[in-house]
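Here the structure is laid out as C-alpha cells; the discussion comes afterwards.
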Amino acid sequence: NRESIMSREQVLDQIERAKGEVEARMSEESRGLAKHLDSVRVQLQEAETDRSRLSKQAVLLKEQLRESQALISRSQLTHNVEYIKNITVKYLESKDPTLLRALSIALQISPDEMARVERGQAKGLLGSLFG
C-alpha cells in the first residue's frame, strides 16, 4: 500500500513536472510568437508608409507627365501655328484679299505683319488695275 501511495506521489510529481515543462514551453513559444507578431506589425507599418509615399509620388509623377505633355502640345501647336502663319502671310501678300481679315484673326497676325499683307494686297490690286 505504501508503495502504491509513493507511486501515486511520484506520478503526481511527474505530472506536475511535465505540466511545468509544458507551461514553460508554451510561455516561451508565446513570447516568441509575440515577438514575431511585433515584427510583423512593424513590417506592416513600414509597408503602409512605403505604399503611402509611393502613392504620393505616383500622383506627383502623373501631374508632371500631364504638364510635360501639355507643354509639348503647346510647343508643337505654337510651332505649327507660326509655320502656317508665315506661309499664309507670304501667300496673302500677293493673293485673295477677302481671306485677309479672317486669317489675321485666326492666326493672330501682328500689326506689322498685317501691314505687310495689306501692302502686298495693294500692290497686287494696283498691278491688276494698271497692268
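The values are calculated or read from the model by the stated rules, or taken from the named source; none is laboratory data. The structure displayed is predicted, hence computed values, not measured ones. Virtual Cβ from ideal backbone geometry, glycine too; neighbours counted across all protein chains shown. Ligands, DNA and RNA are stripped out before the accessible areas are found, and what is left, the full protein with its side chains, is counted by its heavy atoms. Shrake-Rupley method; radii C 1.70, N 1.55, O 1.52, S 1.80 Å.
Just give me the residues in segment 50-73 being hydrophobic (A, V, I, L, M, F, W, C) and open to solvent by 100 Å² or more (accessible area, probe 1.4 Å), in sequence order.
Across segment 50-73, the qualifying residues are Leu60, Leu61, Leu71.
Give Val42, Val81 a once-over and let me know the one that is farther than 30 Å from Ser104 by Cβ and either exposed (fewer than 10 other Cβ atoms within 10 Å of the Cβ) or among the β-branched types (Val, Ile, Thr) (or both).
The unique qualifying residue is Val42.
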